[in-house]
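Shown next, in structure tokens, is the structure this report addresses.
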Amino acid sequence: MSEEYIYAVARVRARELGLLNRQDVDQLMACRTLEECLRTLSDKGWGDGNSSTPEEVLAAEEEKTWAFIHELTKDMTPFQVLLFPTDYNNLKAAVKAVVTSVEPHDVFLPGGSVDPEVMLRCVREGDFSSLPEHMAQAADSAYHTLLQTEDGQLCDIILDRACLCDLLECGRNSGSDILRDYAELTCAVSNIKVAVRACKTGKNRAFLESALAPCGTLHVDSLAVAACKGLDELFAYLAVTPYSAAAERLKESYSAFEKWCDDKVMDLVKGQKTNPFTIGPLFAFVVARRNEISTVRIILSGKLNGLDDRMIRERLREMYV
């Protein structure tokens, strides 16, 4: 099995040389306008030659990433932990479009593992057997819940929780430490985000129990109880978990917390740089590319909206290289 990845990892190592580093980020930050940023990115090979808007440039880079991974391996199973969020977001859009009788236009995200048109057909026909088993069950539940209650938030909760459960199961069954740890971190962070929002909006324990997904590094019952009592109790609970630093960042601001989450993921995958014999370096490369795309998006958005450079820098993520 280890020999299977030697060539692929060698190609990843070569491609990593083209990843943006801190100097590249500083160069983008030094650009005075959005247009100057886009020219700088074009000089670095970003975009497809026809992309002229920020979103077109970023979408082209996302497509390049997955095209490269498809060159390296035919087995996309290990990457499901990255694809599930896209699939479930598309499933939400399909369910809501059918129930509200709205024709879907520009609502589906690219890059998932399930064709959105297949999802749309399944919802319209009320037959979800063409979807993966657990996704089919969640889709059926969300669809009928939305029909009966007209509660879009409840529909979202069902599908968001199913996404996290699928992600966790995929990570745990992968046989890969990096996939397992990434899935666990993603689920825990999502649970914290749900708890914070629920606390601020006064949601009850029943809501939290239906929204939180059980994971190994957080006791979701304790998390729910703390969130119902207030932010101070929530932060106090997080302080005795592996996510004590998350509580400190949340006290600063939600954007500081989101930066902490992304930097934590980057710390997690950086260990794959010295691992030449598994799927880990390929997975880490995709995460690194997504991270740099996110960083560039922050810079471009900041330039577009005329934000002060200090405010932009506070939101910039740690780079892989």
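The values are calculated or read from the model by the stated rules, or taken from the named source; none is laboratory data. Computed from a predicted model, the values in this text were never measured in an experiment. Ideal geometry is used to build each Cβ from the backbone, glycine not excepted, and the neighbour counts take in all protein chains shown. The protein model used for the area step is the full one, side chains on, heavy atoms only, and it has no ligands, DNA or RNA in it. Shrake-Rupley method; radii C 1.70, N 1.55, O 1.52, S 1.80 Å.
Given +1 at the Cβ of Lys and Arg, -1 at the Cβ of Asp and Glu and no other charges, the dipole of segment 1-104 around its Cα centre is 180 debye to the nearest 20. Dividing the summed -39500 (n - 2.57) terms of all DSSP H runs of n ≥ 4 by the residue count of the chain sets its mean residue ellipticity at 222 nm at -23000 deg cm²/dmol.
Of the trypsin sites (Lys or Arg not before Pro) found in segment 71-142, those that fall in a DSSP loop while having at most 11 other beta-carbon atoms within 10 Å are LYS74.
Using the Cβ-Cβ distance between ALA136 and GLU35 with R0 set to 56 Å, the FRET efficiency from 1/(1 + (r/R0)^6) comes to roughly 0.75. As a fraction of the 1.4 Å probe accessible area of segment 8-164, surface on carbon and sulfur atoms comes out at 48 percent. Stretching LYS200 away from GLU56 to a fully extended chain increases their span by 48.3 nm, per 0.36 nm per residue minus the current alpha-carbon distance. Shown here: the chain, whose C-alpha atoms stretch 53, 46, 44 Å along the first, second and third principal axes, sorted largest to smallest.
At R0 = 41 Å, how high is the FRET efficiency between LEU307 and MET76 if r is their beta carbon distance? Nearest 0.05 is fine.
Here the calculated transfer efficiency is 0.65.
For segment 109-215, GluC sites (Glu not before Pro) are listed when DSSP marks them as loop and at most 14 other Cβ atoms sit within 10 Å of their Cβ; the list is GLU150. When the solvent-accessible area of segment 177-255 is split by element, carbon and sulfur atoms take up 50 percent of it, the probe being 1.4 Å.
Summed over the residues of segment 33-84 and divided among them, the accessible surface reaches 51 Å² per residue at a probe radius of 1.4 Å. In the structure shown, do any of LYS92/LYS229; LYS64/LYS264; LYS64/LYS259; LYS92/LYS303; LYS44/LYS303 have a Cα-Cα gap over 29 Å, and if so which? In this structure, LYS92/LYS229; LYS92/LYS303 lie more than 29 Å apart at Cα.
Over segment 104-250, give the accessible area per residue in Å² for a 1.4 Å probe, as an integer.
Ligands and nucleic acids excluded, the figure is 48 Å² per residue.
With R₀ fixed at 35 Å, the C-beta to C-beta distance from GLU233 to ASP181 puts the FRET efficiency at about 0.80.
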